[in-house]
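As structure tokens, the structure follows; a few thoughts come after it.
The values are calculated or read from the model by the stated rules, or taken from the named source; none is laboratory data. No experiment lies behind these values; they were computed from the predicted model shown. Positions of Cβ are backbone-derived with ideal geometry, glycine not excepted, and every protein chain shown enters the neighbour counts.
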């Protein structure tokens, strides 16, 4: 508790508060804006890490993360275009409510639900993180290797409908992670001295998320504008409050644990929350025509999962969503390595970050409730400026890493890869996670084998490792069963699912 | 296989088998990356004597898997597997892919890379913005350049004043 | 022969439409309502909603005006209006004009001005 209070005193300094406000505003704006999401924004802002204090930068990124979740709900309600994959479910009832003239109530229940879920999620994070920290420190290299393996596999297999494409993405990422120097020898450097230290993860993240997405949109530029529903000040009646609080709490209960799981994300809990509310509702006939429960529950689930995501990221250094992956890159560019020793080694930073999450959440509610009509105006920015701006800031971000034109060339190459991946339906998340976790996978294996002097048996010498391998075996078996199913059934199930949505929120 | 294709996404709603020939290209790319990784790994020495993990082990594994994935994707393509191109909030897949715009943007990018060391970010950044906006369909050259200059000079000073990082000024050295 | 109304869902567009409808009745010709968009933003407030167009069509039809609505996505909205005018052999184009400062005009351009200057038939500029 003392630590948390100290965290607050850190986070409430004028500078850090300013960064929190910037983060929250930017996050909401990009959540609303088409084609830009929190992961892309954090990637574009990575240059600030070269000179801003770690606490301030991370506070801003946390604000962007929470704000993006928030802004996404605005577009899904007013336009029926979910800005984030996690807002797909919100759009179902939210847009119906807006069409029925209840846009204000839909926005209000989304905003207040997000606040409540985000706050409870952060409380859980604050309560659980210190408990998990000491447990994690005891894990040896074999366990850690197994956990990394599980995380990589889970991200690849659980999300997306085409496993083949998921693995293609993962192994491309792992291979990119190899570039650099190992035991004093160059690996995959093409004889380029500038690659000896590896490819800048910042550049890869900006290329895949920002440049690849901008090029992909550029190839599909012109189309009819969407019909936006005009909105006034968000507000709710007493009856709306009564119908909302249950879904908010249940949504939070779904969201947090799923966010904390590797490959959990927000899609599953928002869907579960929606189904639950439809079952429990006293007004089941309203579902499909704008039921407020169908907005309140999924929105809460979505924000609680964002808080949940931070648990494995801080405790294990495992990113489970695109945004978390890019925030991890930010940690690394400070030379900080989230994971077993991180929490105990940097208590001030961690607690300031946790405290700032509470602040970000409150700011979101205070700022966003009155500003909803203003945010909707952002949607009128012409695409040429929006995407020229993304290209501009992507180049700036890559160039600022070393002020070398070489990094810009790398940016372009990976941007084109990102474009091709979108064209061929290859999910981008496994690639970026492969780039980040690949080197760690190798170093943990090397460490484990060095301790055991080359005896492979050490890999399953720890209970945690064995559990991980069992889950991996189950996942693999499940995948194989899915792949070898009779072709006729597979064709029926070939409807596009979360995979295609995954990048929509970058 | 069967005569049904996955639900029409990119306007390919035909009942006959569709082969996405461009996808062979991506399959080839995967196999090529894999092959080069294996080739590169073959030149790596064992490293230090007490190193239990050979530095070429991971490259070998990843390279071989990538070759396998490339082949698998090629086979799937031949059997009528069609990519579900990524949808997005701001993407309408029914209009087809406009490669000309993408090509022009890449050209703008290459020009930026070629000139940035000589002219400096303040100039090439403005060019990058204005030219990209033009390629993307803006019809207001004056406004494009004005915004571009404001952004590039603004970020130049933002880095200098805000972050304390002097960016190379290029040809404008001494003026900015 | 027809009368063209350059329409936007605001007071300027409505003023243009009102005058164009009156002209169409007086000249006993058809009315073509053009509501174009550059289609370069997710939302364009100058592009009318579907139900608004439907309401407008039935209202004009009830007044005995023979109305066609053209809603196209075009890189240049002024050119779209001129193209439709040429295509339908327009006798008159009606536009609603708004005040723009010189700087605003340089930066934003002006659809009405381009129509006024480039049209080959008479143009009626109205204010709300």
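Quick check: is even one residue across the range B:105-116 assigned to a helix (DSSP H, G or I), in contact (Cβ under 8 Å) with a residue 40 or more places away in the chain, surrounded by fewer than 14 Cβ atoms within 10 Å (Cβ to Cβ) and more than 9 Å from every other protein chain (Cβ to nearest Cβ)?
Step one: filter the range B:105-116 for residues assigned to a helix (DSSP H, G or I), giving B:105-116.
Then drop every residue that is not in contact (Cβ under 8 Å) with a residue 40 or more places away in the chain, which leaves B:116.
If we keep only those that are surrounded by fewer than 14 Cβ atoms within 10 Å (Cβ to Cβ) as well, we get none.
Among the residues of the range B:105-116, not one is assigned to a helix (DSSP H, G or I), in contact (Cβ under 8 Å) with a residue 40 or more places away in the chain, surrounded by fewer than 14 Cβ atoms within 10 Å (Cβ to Cβ) and more than 9 Å from every other protein chain (Cβ to nearest Cβ), which makes the answer no.
Taking residue A:175 as the residue in question, decide whether it is touching a helix residue (DSSP H, G or I) at 6+ places or on another chain (Cβ under 6 Å) and within 7 Å of another protein chain (Cβ to nearest Cβ). Steps first, answer last, please.
Details: touching a helix residue (DSSP H, G or I) at 6+ places or on another chain (Cβ under 6 Å): yes; within 7 Å of another protein chain (Cβ to nearest Cβ): yes.
Considered against the rule, which asks whether it is touching a helix residue (DSSP H, G or I) at 6+ places or on another chain (Cβ under 6 Å) and within 7 Å of another protein chain (Cβ to nearest Cβ), residue A:175 comes out as yes.
Considering only residues that are more than 8 Å from chain A (Cβ to nearest Cβ) and modelled with pLDDT under 90, look in the range B:24-45 and name the one that is farthest from residue B:83 (Cα to Cα).
So, considering only residues that are more than 8 Å from chain A (Cβ to nearest Cβ) and modelled with pLDDT under 90, the one farthest from residue B:83 (Cα to Cα) is B:43.
Which condition breaks for residue A:388 when tested against (1) closer than 17 Å to residue A:171 by Cα; (2) at the interface with another protein chain (Cβ under 9 Å from one of its Cβ atoms); (3) more than 22 Å from the chain's Cα centre (by Cα)?
With (1) closer than 17 Å to residue A:171 by Cα; (2) at the interface with another protein chain (Cβ under 9 Å from one of its Cβ atoms); (3) more than 22 Å from the chain's Cα centre (by Cα) applied to residue A:388, the lone miss is (1).
Does residue B:12 satisfy the condition of being in contact with a helix residue (DSSP H, G or I) (Cβ under 9 Å, 6 or more places away or on another chain), within 18 Å of residue B:79 (Cα to Cα), at pLDDT below 50 and assigned to a loop (DSSP other than H, G, I, E, B)? Can you show your working first?
Numbers: in contact with a helix residue (DSSP H, G or I) (Cβ under 9 Å, 6 or more places away or on another chain): no; within 18 Å of residue B:79 (Cα to Cα): yes; at pLDDT below 50: yes; assigned to a loop (DSSP other than H, G, I, E, B): yes.
Considered against the rule, which asks whether it is in contact with a helix residue (DSSP H, G or I) (Cβ under 9 Å, 6 or more places away or on another chain), within 18 Å of residue B:79 (Cα to Cα), at pLDDT below 50 and assigned to a loop (DSSP other than H, G, I, E, B), residue B:12 comes out as no.
Quick grid of which residues meet (1) part of a loop (DSSP other than H, G, I, E, B); (2) more than 30 Å from residue B:142 (Cβ to Cβ):
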{"site": "C:9", "(1), (2)": "yes, no"}
{"site": "C:12", "(1), (2)": "no, no"}
{"site": "C:16", "(1), (2)": "no, no"}
{"site": "C:46", "(1), (2)": "yes, no"}
{"site": "C:55", "(1), (2)": "no, yes"}
{"site": "C:68", "(1), (2)": "no, yes"}
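Before we move on, is residue A:308 away from chain B (no Cβ under 14 Å), buried (at least 20 other Cβ atoms within 10 Å of the Cβ) and on the phi > 0 side of the Ramachandran plot? Write out each step before concluding.
Values: away from chain B (no Cβ under 14 Å): yes; buried (at least 20 other Cβ atoms within 10 Å of the Cβ): yes; on the phi > 0 side of the Ramachandran plot: no.
The answer is no for residue A:308.
Criterion first (touching a helix residue (DSSP H, G or I) at 6+ places or on another chain (Cβ under 9 Å), in contact (Cβ under 8 Å) with a residue 12 or more places away in the chain and assigned to a helix (DSSP H, G or I)) does residue A:221 satisfy it? I'd like the intermediate steps shown before the answer.
Details: touching a helix residue (DSSP H, G or I) at 6+ places or on another chain (Cβ under 9 Å): yes; in contact (Cβ under 8 Å) with a residue 12 or more places away in the chain: yes; assigned to a helix (DSSP H, G or I): no.
Here the answer is no, as residue A:221 does not meet what is asked.
Counting only residues that are at pLDDT below 85 and under 25 Å from the mean Cα position of the chain (by Cα), which one in the range B:123-146 is surrounded by the fewest Cβ atoms within 10 Å (Cβ to Cβ)?
Per the criteria, the residue is B:137.
Can you work out which of the residues in the range B:155-172 that are closer than 28 Å to residue A:15 by Cβ and more than 9 Å from chain A (Cβ to nearest Cβ) is surrounded by the most Cβ atoms within 10 Å (Cβ to Cβ)?
Residues of the range B:155-172 closer than 28 Å to residue A:15 by Cβ: B:155-167.
Checking which are more than 9 Å from chain A (Cβ to nearest Cβ) leaves us with B:156-158, B:160-161, B:166.
Working: B:156: 22, B:157: 13, B:158: 16, B:160: 14, B:161: 9, B:166: 11.
The qualifying residue surrounded by the most Cβ atoms within 10 Å (Cβ to Cβ) is B:156.
Checking residue A:190 against (1) assigned to a loop (DSSP other than H, G, I, E, B); (2) closer than 30 Å to residue C:50 by Cβ; (3) facing chain B (nearest Cβ under 10 Å), only one condition comes out false. Which one?
The failed condition is (2).
With respect to residue C:42, is the statement that it is buried (at least 19 other Cβ atoms within 10 Å of the Cβ) and either away from chain A (no Cβ under 14 Å) or in contact with a strand residue (DSSP E or B) (Cβ under 7 Å, 6 or more places away or on another chain) (or both) true?
Numbers: buried (at least 19 other Cβ atoms within 10 Å of the Cβ): yes; either away from chain A (no Cβ under 14 Å) or in contact with a strand residue (DSSP E or B) (Cβ under 7 Å, 6 or more places away or on another chain) (or both): no.
In short, no.
When you go through C:61, C:78 one by one, which is the residue that is assigned to a helix (DSSP H, G or I), away from chain A (no Cβ under 12 Å) and free of Cβ contacts under 8 Å to residues at least 12 places away in the same chain? Break it down into steps so the answer makes sense when it comes.
Values: C:78 fails: free of Cβ contacts under 8 Å to residues at least 12 places away in the same chain.
Among C:61, C:78, only C:61 is assigned to a helix (DSSP H, G or I), away from chain A (no Cβ under 12 Å) and free of Cβ contacts under 8 Å to residues at least 12 places away in the same chain.
Filter the range A:408-443 down to residues that are over 12 Å from residue A:207 (Cβ atoms) and more than 11 Å from chain B (Cβ to nearest Cβ) and give me whichever is surrounded by the fewest Cβ atoms within 10 Å (Cβ to Cβ).
A:440
Would a scan of the range A:72-82 turn up a residue that is at positive phi and either away from chain B (no Cβ under 14 Å) or touching a helix residue (DSSP H, G or I) at 6+ places or on another chain (Cβ under 7 Å) (or both)? Quick ask: steps written out before the conclusion?
Restricting attention to the range A:72-82, the residues satisfying the condition of being at positive phi are A:80.
Within this subset, residues satisfying the condition of being either away from chain B (no Cβ under 14 Å) or touching a helix residue (DSSP H, G or I) at 6+ places or on another chain (Cβ under 7 Å) (or both) are A:80.
For the range A:72-82, residues at positive phi and either away from chain B (no Cβ under 14 Å) or touching a helix residue (DSSP H, G or I) at 6+ places or on another chain (Cβ under 7 Å) (or both): present.
Among (1) assigned to a helix (DSSP H, G or I); (2) within 19 Å of residue A:437 (Cα to Cα); (3) under 25 Å from the mean Cα position of the chain (by Cα), where does residue A:142 come up short?
(3)
Please go through (1) at pLDDT 90 or above; (2) within 8 Å of chain A (Cβ to nearest Cβ); (3) touching a helix residue (DSSP H, G or I) at 6+ places or on another chain (Cβ under 6 Å) for residue B:52 and return the number of the only condition it doesn't satisfy.
Going through the list (1) at pLDDT 90 or above; (2) within 8 Å of chain A (Cβ to nearest Cβ); (3) touching a helix residue (DSSP H, G or I) at 6+ places or on another chain (Cβ under 6 Å), residue B:52 breaks only (1).
Filter the range A:230-252 for residues that are part of a loop (DSSP other than H, G, I, E, B) and surrounded by fewer than 20 Cβ atoms within 10 Å (Cβ to Cβ) and give the result. Steps first, answer last, please.
First pass over the range A:230-252, keeping only residues part of a loop (DSSP other than H, G, I, E, B): A:230-237.
Answer for the range A:230-252, where residues must be part of a loop (DSSP other than H, G, I, E, B) and surrounded by fewer than 20 Cβ atoms within 10 Å (Cβ to Cβ): A:230, A:231, A:232, A:233, A:235, A:237.
Of everything in the range A:385-407 that's surrounded by fewer than 24 Cβ atoms within 10 Å (Cβ to Cβ) and without any contact (Cβ under 8 Å) to a residue 40 or more places away in the chain, which residue is farthest from residue A:333 (Cα to Cα)?
Among those residues, the one meeting the criterion is A:385.
Among the residues of the range A:218-240, what is the count of those that are closer than 15 Å to residue A:110 by Cβ and modelled with pLDDT of 85 or more?
Number satisfying all stated conditions: 1.
Does the range A:30-37 include one or more residues that are out of contact with any strand residue (DSSP E or B) (no Cβ under 9 Å at 6 or more places or on another chain) and away from every other protein chain (no Cβ under 12 Å)?
Keep residues of the range A:30-37 that are out of contact with any strand residue (DSSP E or B) (no Cβ under 9 Å at 6 or more places or on another chain), which gives A:30-33, A:36-37.
Then keep just the ones that are away from every other protein chain (no Cβ under 12 Å); that gives none.
No, the conditions are met nowhere in the range A:30-37.
Hey, among A:154, A:117, which residue is surrounded by fewer than 22 Cβ atoms within 10 Å (Cβ to Cβ), under 17 Å from the mean Cα position of the chain (by Cα) and in a helix (DSSP H, G or I)? Walk me through how you get there before you give the answer.
On the way: A:117 fails: surrounded by fewer than 22 Cβ atoms within 10 Å (Cβ to Cβ).
After ruling out the rest, the residue left standing is A:154.
Quick check on the range B:147-154. Is at least one of its residues assigned to a helix (DSSP H, G or I), surrounded by fewer than 17 Cβ atoms within 10 Å (Cβ to Cβ) and out of contact with any helix residue (DSSP H, G or I) (no Cβ under 8 Å at 6 or more places or on another chain)?
Filtering the range B:147-154 down to residues assigned to a helix (DSSP H, G or I) leaves B:147-154.
So of that shortlist, the ones also surrounded by fewer than 17 Cβ atoms within 10 Å (Cβ to Cβ) come out as B:150, B:154.
Add one more test, that the residue is out of contact with any helix residue (DSSP H, G or I) (no Cβ under 8 Å at 6 or more places or on another chain), and what stays is B:150, B:154.
Yes - at least one qualifying residue is present in the range B:147-154.
Kindly establish whether residue B:85 is within 8 Å of chain A (Cβ to nearest Cβ), under 30 Å from residue A:72 (Cβ atoms) and touching a residue at least 60 places away in the same chain (Cβ under 8 Å). Walk me through it before giving the result.
Values: within 8 Å of chain A (Cβ to nearest Cβ): yes; under 30 Å from residue A:72 (Cβ atoms): yes; touching a residue at least 60 places away in the same chain (Cβ under 8 Å): yes.
Answer is yes for this residue.
If residue A:167 passes every condition in (1) under 22 Å from residue B:42 (Cα atoms); (2) at the interface with another protein chain (Cβ under 8 Å from one of its Cβ atoms) but one, which one does it miss?
Evaluating residue A:167 over (1) under 22 Å from residue B:42 (Cα atoms); (2) at the interface with another protein chain (Cβ under 8 Å from one of its Cβ atoms) leaves (1) as the failure.
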